[in-house]
Protein chains: 2
Amino acid sequence: MKFKKDTKIEILAVGSELLTPNFQETNSQYLTQRLADLGMNVSFKSVVGDEWEDLLNAIKESLSRAHLIIATGGLGPTQDDRTREALAEVLKRKLVFHRDILEKIEARFQRRGLSMPAVNKRQAYIIKGAEVLENKNGTAPGMWLETEQKIIVLLPGPPHELKPMFEESIWPRLKKFSRIQVFRKVIKTASITESQTETLISDLYPKTTSLNISTLAYPGQIEIHLTAFSGKSLVQAKRQVDEIERKIAAKLKDYIFSSNGEELEEVVGKLLRSQKKTLAVAESCTGGLLSDRITNVPGSSDYFFQGIVAYSNESKISALGLQPSILHKHGAVSLETAQAMARGIREKAQSDYGLGVTGIAGPSGGTAEKPVGLVYIALAWEKGTEVSKNIFLGPREKIKYQSSQKALDMLRRRLLKNHKF
Amino acid sequence: MKFKKDTKIEILAVGSELLTPNFQETNSQYLTQRLADLGMNVSFKSVVGDEWEDLLNAIKESLSRAHLIIATGGLGPTQDDRTREALAEVLKRKLVFHRDILEKIEARFQRRGLSMPAVNKRQAYIIKGAEVLENKNGTAPGMWLETEQKIIVLLPGPPHELKPMFEESIWPRLKKFSRIQVFRKVIKTASITESQTETLISDLYPKTTSLNISTLAYPGQIEIHLTAFSGKSLVQAKRQVDEIERKIAAKLKDYIFSSNGEELEEVVGKLLRSQKKTLAVAESCTGGLLSDRITNVPGSSDYFFQGIVAYSNESKISALGLQPSILHKHGAVSLETAQAMARGIREKAQSDYGLGVTGIAGPSGGTAEKPVGLVYIALAWEKGTEVSKNIFLGPREKIKYQSSQKALDMLRRRLLKNHKF
């Protein structure tokens, strides 16, 4: 068969254990990655158990909608391993006994000082017309079955058997079908919602199938994933991505904080480092998360001096030097307190920048006037202070995360201004 | 419809992002778990992207082979969210505009001081005949569609929207169909490895299929999942779990920190609260993670006074009152520094307990004498101090996490001793 643009790929994972609550199937993610490296996109993923009718059903469906089917699992020696038999039945092909495979399986047991259980004989049967794929790490051989219209691949389920077999036997075969070069980029934004992003860039969505744009929303972060395909060269694919990236950048401007995979805390870290500036943070409702994210960046000790989690009013006064009158007059969650926290920590730590975050992370503690999700974030530097008032939605941990994201983004924007002047 | 033994269930996850290499789909595992709690087994899991024909195809296939179909994702406001439209087309039903839903979505934006983008209007359309499932954590409502032969459920993709909707709206509806009683319990341990756990409890593993034990390992935490099934009563299932739990508890003793779902930070929080004790922490290598975890517990402000992230030597001296001679003589990563940090923060914050954590989180900064992963953790209280020396393995974030886990567990064990004397 030939690979075209509309060639559909399905990964079919077989095994009742994959349908139990504690099992995390990982083969399909690995296969998706390796196929993507060849410019091949998976259209369907399916999981089916060992029930004979269900299995027949799933195989028939895969054959009806996909051109390349990679089936994993169900090649073992036991009664409930029936992918081989089910595929043979659907294709109306015979299973052929291979003496040489049986001998290899027997030898494998002998090397371990064991004799082969009778059940393993089943693994020496191969669907008529299929190429045998050697399994160096287990007893079940794989199969590669190619017809005019379809390619069907059978791989063993255990990842340590599947991966080497894929790399050695499947990758080189598939590579021959791939003429497509793929270039990928992820644009990350902060301080903008998914709908706002969509509104700004939706008219840029390409009409060509050689370029794909998809938008993913995370708390406080929207990502725009760009993928370009070229039948000619990687340079051409990259050119497509560069072009659309320029257009998106012109629309989203400084909402964009990275297009090279970096997280916001890494971008802020690099800006601080390059400007030889230092940071300290005073957290109330984020409770240490902001410090935690900043210090997830290796080498952050170069620019991050200190974090204080001042959860009680007493600690806001004693550790950050807040005037009790501010707390008394405006409350712990207020613009004035955020500002005093940012200034206080900057002073205490003798850093160039100070961030202060105070709010109500919930689930309780909200009032009509100061609802759950109300968060004030202040940034203090040598020449000034700025404060943002935010209302974040979601559970406690999401409110904490969005607050940390906003705080980092305020600092990023301030650091960018330094560049300009 | 009615549930029988051969009732087939399919989980259909919709979204092109689920077919990209870096996305780990978790909803289907959660749903499988919750269905298993009702004695309902999933027969098929499928993933399909946003391509219109593929989506129609996948929905048709689900309808042809399953009786209960739970579709997740593709209910968002953007152009590529089309689960609603595709299901309506396959079922040949109309989409009906619901003014009250639109008003709720608009109100949601207004609460955040934003105006609703026009694209969100699509989310106010409901398939004719479907019951609307309220989404308290997002804009997309869910749907429950029941016919004589099928139940079709549409849920939003983001887990923090899907889970509450499932618990509030789907669980009670499905519970009516369930005849099998399942009782489940998770025993959580700290300060013990997976193989140590296995060695202690492996002879307790049951021979009956009505009771299942499985062990899951997380950084610094081993979980033992117990599941019992009964065709008769929940009491009978619970009795089985209680019996095995008693035996496991006799073996694992105080390694167990919870068997009611609580995380370590919640257990520690409850102990502090019940003993009317307070806490402050001084973090170096954990960088705020310890404070972050403590403050993830709602109401933690009652017992958590203050956290200080003292990343630099200067801040260890100025914010924690460390004597420079300790740092000079023993280094920032040492038993003595950890001890001085714990004592220092306890003094500063005027709390009953003080925790101090200092170590090398890596990936660089290690030496032969003080390798990456070396972490000293100290606990100070009125009458003493204790310090543990640990060597944790793994990447930076895993070392940070294990350190925070160990610190919390040291405090838990100390608080338990208070109970006894």
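Annotations
- Scanning the stretch A:273-327 for residues that are more than 7 Å from chain B (Cβ to nearest Cβ), surrounded by fewer than 17 Cβ atoms within 10 Å (Cβ to Cβ) and over 15 Å from B:Ile308 (Cα atoms) returns A:Arg273, A:Ser274, A:Gln275, A:Lys276, A:Gly299, A:Asp302, A:Gln323, A:Pro324, A:Ser325.
- Pair list, Cβ under 9 Å, 6 or more apart: the stretch A:256-278 residue free of Cβ contacts under 8 Å to residues at least 40 places away in the same chain, other residue of a type in the set (Ser, Thr, Tyr) and crowded, with 20+ Cβ neighbours inside 10 Å: A:Gly269/A:Ser300; A:Gly269/A:Tyr303; A:Arg273/A:Tyr303; A:Lys276/A:Tyr303
- In the stretch A:76-90, the residues that are part of a helix (DSSP H, G or I) and touching a helix residue (DSSP H, G or I) at 6+ places or on another chain (Cβ under 8 Å): A:Thr83, A:Arg84, A:Ala86, A:Leu87, A:Glu89, A:Val90
- So B:Ser195, is it polar (S, T, N, Q) and surrounded by fewer than 14 Cβ atoms within 10 Å (Cβ to Cβ): yes
- Count - residues of the stretch A:379-404 that are under 28 Å from B:Asn137 (Cβ atoms), in contact with a Ser or Thr (Cβ under 8 Å, 6 or more places away or on another chain) and either away from chain B (no Cβ under 11 Å) or in a helix (DSSP H, G or I) (or both): 3
- Residue match in the stretch A:150-167 (condition: more than 31 Å from the chain's Cα centre (by Cα) and either at negative phi or in a strand (DSSP E or B) (or both)): no
- Residue check, A:Ala349 more than 12 Å from chain B (Cβ to nearest Cβ) and surrounded by 24 or more Cβ atoms within 10 Å (Cβ to Cβ): no
- The residues of the stretch A:31-75 that are part of a helix (DSSP H, G or I), under 23 Å from the mean Cα position of the chain (by Cα) and surrounded by fewer than 21 Cβ atoms within 10 Å (Cβ to Cβ), listed by number, are A:Gln33, A:Arg34, A:Ala36.
- Just one of the listed residues (B:Ala340, B:Ala361, B:Ala332) is under 17 Å from B:Val309 (Cβ atoms), more than 32 Å from the chain's Cα centre (by Cα) and assigned to a loop (DSSP other than H, G, I, E, B), and it is B:Ala332.
- A search for C-beta distances below 7 Å between a residue of the stretch B:121-135 that is over 20 Å from B:Arg108 (Cβ atoms) and any residue that is in a loop (DSSP other than H, G, I, E, B) and not hydroxyl-bearing (Ser, Thr, Tyr), counting only pairs 6+ apart in sequence or on different chains, returns B:Ile127/B:Arg93; B:Lys128/B:Arg93; B:Lys128/B:Lys94; B:Gly129/B:Arg93.
- Candidates are the residues of the stretch B:3-21 that are more than 8 Å from chain A (Cβ to nearest Cβ) and part of a loop (DSSP other than H, G, I, E, B); the one that is nearest to B:Ser46 (Cα to Cα) is B:Gly15.
- Residue within the stretch B:120-127 that is more than 14 Å from every other protein chain (Cβ to nearest Cβ) and out of contact with any strand residue (DSSP E or B) (no Cβ under 8 Å at 6 or more places or on another chain) present: no
- Qualifying residue in the stretch B:54-77 (condition: without any contact (Cβ under 8 Å) to a residue 60 or more places away in the chain, at positive phi, assigned by TED's automatic domain parsing to the domain that holds B:Met143 and out of contact with any Pro (no Cβ under 6 Å at 6 or more places or on another chain)): no
The values are calculated or read from the model by the stated rules, or taken from the named source; none is laboratory data. From a predicted model like this one, the values you see are computed outputs, not experimental measurements. Backbone-built Cβ (ideal geometry, glycine too); neighbour counts: all protein chains shown.
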